[in-house]
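Taking it in order: structure first as structure tokens, then the write-up.
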């Protein structure tokens, strides 16, 4: 990075595929859900729903596949498939927990901006011991749109009383990165193995790229002892 983490006033974290190594779970959910209905799982579908809230993704799925099912029933099925993994098994990206803890120690505000449901991410963050370390958590219940629009990032920064230019946004979707960048945020694109097909687009859109939080943790730790 050309600018140290200590020069930014706040950090905003996406969860799935960024702070949490959970994209494999969502792929399994999609495979089971669509496979049960003998429907194809395409890259276009995965890319489209990756930035959507669950309710929007469910409505999109109903319309795309002309399903005779309610979005509410689809959401319930998705959550039932994912809940156990989030509660007991999902792990953080390397150095993610350590980085969040160090941010708290150094009084650098940290927030979550996620399209995920609270009933999924809360048990995971509590198990990892970092749920209470975030100053703000903006989730799918607090915004009407997905990350293809910058609203969730803007509202999160406002809650931190921090200008977009002073915030690092950690995000793994190309659309989320682009919307945050266009709103004036500094973006770190996470290259998640489960989104490898979109790697070049993430690299193109992001200010920086990373596969874990090691560089950010070590940079902050080093500055802390200087």
Out of segment 194-216, which residues are in contact (Cβ under 8 Å) with a residue 60 or more places away in the chain and either farther than 12 Å from residue 94 by Cα or not assigned by TED's automatic domain parsing to the domain that holds residue 169 (or both)? 194, 195, 197, 198, 208
What number of residues within segment 180-226 are in a helix (DSSP H, G or I) and over 19 Å from residue 44 (Cα atoms)? 15
Does residue 101 fit the bill of being in a helix (DSSP H, G or I), touching a residue at least 24 places away in the same chain (Cβ under 8 Å), out of contact with any strand residue (DSSP E or B) (no Cβ under 9 Å at 6 or more places or on another chain) and not assigned by TED's automatic domain parsing to the domain that holds residue 130? no
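Residue by residue, here is whether (1) under 21 Å from the mean Cα position of the chain (by Cα); (2) surrounded by 16 or more Cβ atoms within 10 Å (Cβ to Cβ); (3) closer than 25 Å to residue 172 by Cβ; (4) touching a residue at least 12 places away in the same chain (Cβ under 8 Å) holds:
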| site | (1), (2), (3), (4) |
| --- | --- |
| 47 | yes, yes, yes, yes |
| 52 | yes, yes, yes, yes |
| 56 | yes, yes, yes, yes |
| 59 | yes, yes, yes, yes |
| 70 | no, no, no, no |
| 79 | yes, no, yes, yes |
Has segment 136-152 got at least one residue that is at pLDDT below 95, in contact with a strand residue (DSSP E or B) (Cβ under 6 Å, 6 or more places away or on another chain), assigned to a helix (DSSP H, G or I) and surrounded by 16 or more Cβ atoms within 10 Å (Cβ to Cβ)? yes
For residue 129, all conditions in the list (1) on the phi > 0 side of the Ramachandran plot; (2) in contact (Cβ under 8 Å) with a residue 60 or more places away in the chain hold save one; what is the number of the exception? (2)
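The values are calculated or read from the model by the stated rules, or taken from the named source; none is laboratory data. Note that the structure is a prediction, hence the values are computed from the model and not measured. So basically every Cβ, Gly included, is an ideal-geometry build from the backbone, and we count neighbours across all protein chains shown.
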